[in-house]
Amino acid sequence: MPVPVPRQRAIPAAECGQAPAASARSGRSPEQAPLGTNPAENPADPRENPTEKREKTTDQRESTTPTNLTLLLIEDDPAGSPIVPDLLDQAGKPIRVRTARNLTEAERLLTDDVHCILLDLALSAPARAGDGEGDDELAVLKHVLELAPRHAVLALTSSSDAERGAEAVAVGAQDYLFRDELDGRLLSRAIRYAVERKRSDSAERRLAEGRLRAQENARLERGLLPTPLLEGSPLRFAARYRPGRSRALLGGDFYDVVRTPDGTVHAMIGDVCGHGPDEAALGVELRIAWRALTLAGLCGDQLLGTLQQVLEHERSDDEIFATLCTVDIAPDGRRAGLCLAGHPAPLIAGPGRPARLLPYDNNGPALGLLPGARWPRMQVELGAEWSLMLYTDGLIEGHIGAGRERLGQDGMVEMVRRRFADGLRGEELIQTAVDEVRDLNGGELTDDVAVLLLDRIP
């Protein structure tokens, strides 16, 4: 795991070309004084080290000039450094140089505005008890790469040790340079190259991570949103799933539809609380368990009780629960059994009948909340021609306009009633409904939305 970069020293904005230089009277702004000191309390000391005095003067001069790139040089002998002061970036602007004698100083100077690190491989790495790095010639480089995973790194070595320079690149440095062949022009070009190569590597890594996430999403989607098993049934099926805007992975919404050998069509939709890979994986497990148990002949309270046992054994936290709605439609399609486990009641609409919610008076608790809970099965009449819509709460919790008012079940029923009266059915009906909910919300919904629609047309 990369070591977090401490922010012990606030770099003045003037050093990035974002603030005016210090006045000629003061010579140095208060922000440029050494950490924890006051410029007024630091008169010139004739005994001051000449090297330190020269570095302070250079620091003061460079802070007045805007620059696009900042280099952090890490070597234990800055006085003998071959680096020339007139390093220029591609636009001809000076490259600012900071110097650290060891990794402790480097950690303090390594702020977000540093673009590149030039590391002397001859520098001694800090000792770590039991790390076994005493004989590792690249230990110091590995420490720097841990310290600065997002920064470009150039390795500095002697011309007689090209092999170690190549090994440094293999370990993670962007390039290596020979100390005795270095000049300002070569170093300026190497810094620009290293920075661009690091940006390219980072972009490529993000692209690869995005592809992996997409593949993971696809695998989860196949588990959460399967192909229905409706062969031989006259019912028409349609479904939509829209992930919430803050979700990198699918959430815990899931659904399924199967037809058993006796001609009964069983439909289910559920929602695991929370969002992320753990919740999505649990949703997949519950859906697969529901399909297996349904095909084995279980339904109603017995089925939901078994699913609760699965959830209790598979969840990662005792506070995780899942809501569920199950419907078993008789072979003649005119009636159905309904079980609700803390889930919103389905909506039914038909010719000559306004859209309405199915009864929800006997709604049982969500799965995983109450040990030994019961879920009564309600018998409902569907009629000869109907559209039955099952959905998750993401569809009804969107806001209406800029206020805090939400759509709610009443608003959803009215919306579907209007669309149904316009003659919309199946895929077109639920797609239009989901789009309208999004438009009313003023943008993408924060929660995942899953909608399942079954139509019976004689």
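The values are calculated or read from the model by the stated rules, or taken from the named source; none is laboratory data. Values in this document were obtained by computation on a predicted structure and should not be read as measured data. Backbone-built Cβ (ideal geometry, glycine too); neighbour counts: all protein chains shown. To get the accessible areas, we keep the full protein, side chains included, count just its heavy atoms, and leave off ligands, DNA and RNA. Shrake-Rupley method; radii C 1.70, N 1.55, O 1.52, S 1.80 Å.
Here are the numbers:
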{"item": "Residue under evaluation D435, criteria (1) under 26 Å from the mean Cα position of the chain (by Cα); (2) crowded, with 17+ Cβ neighbours inside 10 Å, criterion not met", "result": "(2)"}
{"item": "Residue within region 258-270 that is assigned to a strand (DSSP E or B) and modelled with pLDDT under 95 present", "result": "no"}
{"item": "Failed item, numbered, when A336 is tested on (1) of a type in the set (G, A, S); (2) modelled with pLDDT under 95; (3) over 24 Å from G394 (Cα atoms)", "result": "(2)"}
{"item": "Evaluation of Q302 against (1) touching a helix residue (DSSP H, G or I) at 6+ places or on another chain (Cβ under 9 Å); (2) outside any loop (DSSP other than H, G, I, E, B); (3) free of Cβ contacts under 8 Å to residues at least 60 places away in the same chain; (4) surrounded by 14 or more Cβ atoms within 10 Å (Cβ to Cβ) (one fails), failing number", "result": "(4)"}
{"item": "Single residue of R418, R404 found to be of a type in the set (K, R) and part of a helix (DSSP H, G or I)", "result": "R418"}
{"item": "Region 446-458: number of residues that are closer than 25 Å to G274 by Cβ and open to solvent by 10 Å² or more (accessible area, probe 1.4 Å)", "result": "2"}
{"item": "Hits in region 391-432 (condition: surrounded by 14 or more Cβ atoms within 10 Å (Cβ to Cβ), modelled with pLDDT under 90 and more than 26 Å from the chain's Cα centre (by Cα))", "result": "I400"}
{"item": "R291 vs. criteria of a type outside the set (F, W, Y) and within 13 Å of L367 (Cβ to Cβ)", "result": "no"}
{"item": "Top-ranked residue of region 161-208 - restricted to ones that are assigned to a loop (DSSP other than H, G, I, E, B) and modelled with pLDDT of 85 or more, ranked as most open to solvent (accessible area, probe 1.4 Å)", "result": "G172"}
{"item": "Boolean, R61 is modelled with pLDDT of 85 or more and open to solvent by 30 Å² or more (accessible area, probe 1.4 Å)", "result": "no"}
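Listed here are the residues, each with its yes/no results for (1) outside any loop (DSSP other than H, G, I, E, B); (2) without any contact (Cβ under 8 Å) to a residue 60 or more places away in the chain; (3) open to solvent by less than 70 Å² (accessible area, probe 1.4 Å); (4) not basic (K, R).
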{"residue": "L338", "(1), (2), (3), (4)": "yes, yes, yes, yes"}
{"residue": "I348", "(1), (2), (3), (4)": "yes, yes, yes, yes"}
{"residue": "N362", "(1), (2), (3), (4)": "no, yes, no, yes"}
{"residue": "R374", "(1), (2), (3), (4)": "no, no, no, no"}
{"residue": "Q379", "(1), (2), (3), (4)": "yes, yes, no, yes"}
{"residue": "L388", "(1), (2), (3), (4)": "yes, no, yes, yes"}
